[in-house]
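Structure first, commentary second.
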Amino acid sequence: MPTTRTDYDPLDVSTLAFWAQSADDREKVFAELRRSRPVSWQAPVQSMLMPDPDDPGFWAITRHADIRRISRDHEVFSSSAEEYGGVMLDLMPPDVLEATSSILMMDNPRHGLIRRLISSAFTPRRIALIEDQIARQAKQIVDDLLAGPGEVDFVRAVASRLPMWTVSEMVGIDPEIREEVTKAANELVGWNDDEQIDVDGDNLMVMLNAMGVLHNAAFDLCERRRAQPEDDLISALLAAEVDGKKLTDEDIAAFFCLISVAGNDTTRQTTSFAMKALCDFPDQREILVADFDNVIGTAVDEFVRWTSPVMTFRRNARVDTEVGGQQILAGDKVVLLYPSGNRDESVFADPYAFDVTRKDNDHVGFGGGGVHYCLGAHVAKVQLRSIFRELLFRVPDLQVGEPEYLVSNFIHGIKRMPATFTPA
């Protein structure tokens, strides 16, 4: 039986009000929890999707070492949607999880099989093709930026364009439906935000409609590529085979949903937050520009650590265990708080400093390692290197203003951010 205690921690990280605060205010709470009770028992999450009257609560995991340990111990801590409801802090319908999460919410052996099938499509030649596409896309985005007015919304004009363009071209999405696909990907993760809520206040319906858009696009592509393969990822996934096993159209559609969200939102948010940080800390911008090729590697990892674009994932304990001196019972939810892990004073020297030269940056921005380490980490790093090479050298006077933030307990997001620069 899972833990049923009701002596919830007075530092409550379960409410929408907590997640509507600034990142700095949330970090004050995380810092106190790391210091005094790194594994704290929290009230049931305040959900706008499917409130669960039987939810006893969850364990909030704030220290880097515990996040790492839980992420890598998949024998004890499950990600399974089928058995435990997946990895989201909010409760979601099982059919939505099955249709949108792919390998993210599977345990072995199925996770290992599907991941191997997907990975087999990413040959060295395909990775090189994707890198060339990203470089070309980043250049075109900055071409378009410079050809327009000197005042724009940075998110719309820059940050949101590259991730979904990369995913769409990589997969084979037709240009005329890319905006519709991007909108659907945004709606799948914006259920806490009032701008994403349906006119009747039905957040779940927004999510279901978005899922339908992405699945229809994937099924249509599968049908067309099966009849006439092309040099894109869908064709490669249809052809992939491991130990006599192949991906079904449903497997491919679920993976398409996953990369549409993961490949879109996380890189977009990291681009926005990194640009804001480079404007807020001009000395770091100067260091990066002065020696870009040698510094961009550490800078990209610092961008991800600083942003922590995915803020929460959970696991469920399969058996009784112990984390950080706290007894965890079989069935208990443990929620990994990545922003807290990325500010852990025991791991990062001066964790509140933005430092593009930070060495040994063991951040958990791509997950804490283990079998669920982000499959798209390499692509994300290529995107960030490419877009900042174009921005910093071709738009050297670009400055951004105050962002408007997404309200979410999942994605650390910027919805809009004004930018000014000298156009061409």
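Quick note: the coordinates plus some simple rules give every number you see, no bench work behind them. A quick note: this is a predicted structure, and the numbers were derived from the prediction, not measured. We place every Cβ from the backbone using ideal geometry, glycine too, and count neighbours over all the protein chains shown.
Classify segment 260-375: rounded, prolate or oblate, from the alpha-carbon gyration tensor (a ≥ b ≥ c, eigenvalue square roots; a/c under 1.5 rounded; otherwise prolate if a/b is larger than b/c)? Before the final figure, lay out each step's value.
On the way: a/c = 2.75, a/b = 1.97, b/c = 1.40.
Verdict is prolate for segment 260-375.
Quick one: which residues, 5 or more positions from Arg416 or on another chain, have an amide H under 5 Å from its amide H? H modelled 1.01 Å from N in the peptide plane, none for Pro or chain starts.
Glu404
Tell me what the chain gives for mean residue ellipticity at 222 nm when only DSSP H runs of n ≥ 4 count, each as -39,500 (n - 2.57), the sum divided by the residue total, rounded to 500 deg cm²/dmol.
Numbers: 17 runs with 202 residues, N = 424.
Mean residue ellipticity, 222 nm, calculated: -14500 deg cm²/dmol.
Which GluC sites (Glu not before Pro) does segment 222-277 hold that lie in a coil by DSSP with at most 16 other beta carbons within 10 Å?
Details: sites: Glu223, Glu230, Glu241, Glu250; in loops: Glu230.
Counting only loop positions with at most 16 other Cβ atoms within 10 Å, the GluC sites (Glu not before Pro) in segment 222-277 are Glu230.
Can you bin segment 200-309 into rounded, prolate or oblate? Criterion: square roots of the alpha carbon gyration tensor eigenvalues sorted a ≥ b ≥ c, rounded for a/c under 1.5, prolate for a/b above b/c, oblate for the rest.
oblate
Quote to one decimal, in nm, the extra length available between Lys246 and Asp362 on full extension: 0.36 nm per residue of separation minus the C-alpha distance between them.
That works out to 38.2 nm of additional length.
What's the Cα-based Rg to Rh of segment 74-192, Rh via Kirkwood? Don't jump to the answer; show the numbers that get you there.
On the way: Rg = 18.1 Å, Rh = 17.1 Å.
Checking Rg against Rh, the ratio lands at 1.05.
Ranking Cys257, Cys279 by Cβ neighbours within 10 Å, fewest first, what do you get? All intermediate terms of the calculation are to be shown ahead of the outcome.
Numbers: Cys257 26, Cys279 16.
Ranking Cys257, Cys279 by Cβ neighbours within 10 Å, fewest first, gives Cys279, Cys257.
Scan [x] 41, 33, 21; [y] 56, 28, 17; [z] 32, 28, 20 for the value of semi-axes √(5λ) of the Cα gyration tensor in Å calculated from this model and give just the label.
It is the one labelled [z].
So what is the relative contact order for the chain, in percent, with contacts set as C-alpha pairs under 8 Å and at least six apart?
Numbers: 711 pairs, mean separation 107.5, N = 424.
Across the chain, relative contact order equals 25 percent.
Can you figure out the FRET efficiency of Arg156 with Phe292, using R₀ = 35 Å and their beta-carbon distance, to the nearest 0.05?
Values: r = 26 Å, r/R0 = 0.74.
My answer for the efficiency is 0.85.
Which whole-Hz couplings ³J(HN,Hα) result when phi for each residue of segment 164-172 is put into the Karplus expression 6.51 cos²θ - 1.76 cosθ + 1.60, θ = phi - 60°, listed in order with x for Gly and Pro?
Here the 3J(HN,Hα) series is 6, 5, 4, 4, 5, 6, 4, 7, x Hz.
With r defined as the distance between the Cβ atoms of Val371 and Met50 and R0 fixed at 41 Å, what FRET efficiency is calculated, to the nearest 0.05?
Efficiency at R0 = 41 Å is approximately 0.90.
Under 22 Å between C-alpha atoms is the cut-off here; go through segment 16-420 and count lysine pairs that meet it, provided they're at least eight residues apart or on different chains.
Within segment 16-420, the lysine pair count is 9.
Equivalent-ellipsoid semi-axes (√(5λ), Cα gyration tensor) for segment 319-424, whole Å, largest first?
On the way: eigenvalues 246, 57, 46 Å².
For segment 319-424, the semi-axes come out at 35, 17, 15 Å.
Tell me, Thr312, Thr248 in order of fewest to most beta-carbon neighbours within 10 Å? Mind dumping the intermediate values first?
Numbers: Thr312 26, Thr248 10.
Going from sparsest to densest Cβ surroundings: Thr248, Thr312.
Can you give me the distance in nm between label points at Phe18 and Leu329, each placed 7 Å from the Cα along the Cα-to-Cβ direction?
In this crude spin-label approximation the distance works out to 2.1 nm.
Considering only DSSP beta bridges where both residues belong to the chain, give the percentage that are antiparallel (nearest 5). Walk me through the numbers before you get to the answer.
Working: 24 of 28 bridges.
Taking every DSSP beta bridge with both residues in the chain, the antiparallel ones total about 85 percent.
Just check segment 138-270 against the gyration tensor rule for me: Cα atoms, a ≥ b ≥ c as the square roots of the eigenvalues, rounded for a/c under 1.5, and otherwise prolate or oblate depending on whether a/b exceeds b/c. Before the final figure, lay out each step's value.
Details: a/c = 2.37, a/b = 1.31, b/c = 1.80.
Because a/c hits 1.5 or more and a/b fails to exceed b/c, segment 138-270 counts as oblate.
Take the Cβ-Cβ distance between Lys28 and Glu131 as r, set R0 to 35 Å, and report the resulting FRET efficiency rounded to the nearest 0.05.
Computed FRET efficiency for Lys28 and Glu131: 0.30.
Simple spin-label model, 7 Å along Cα-to-Cβ: Lys139 to Asp73 in nm?
Each label point is offset 7 Å from its Cα along the Cβ direction, giving 5.0 nm.
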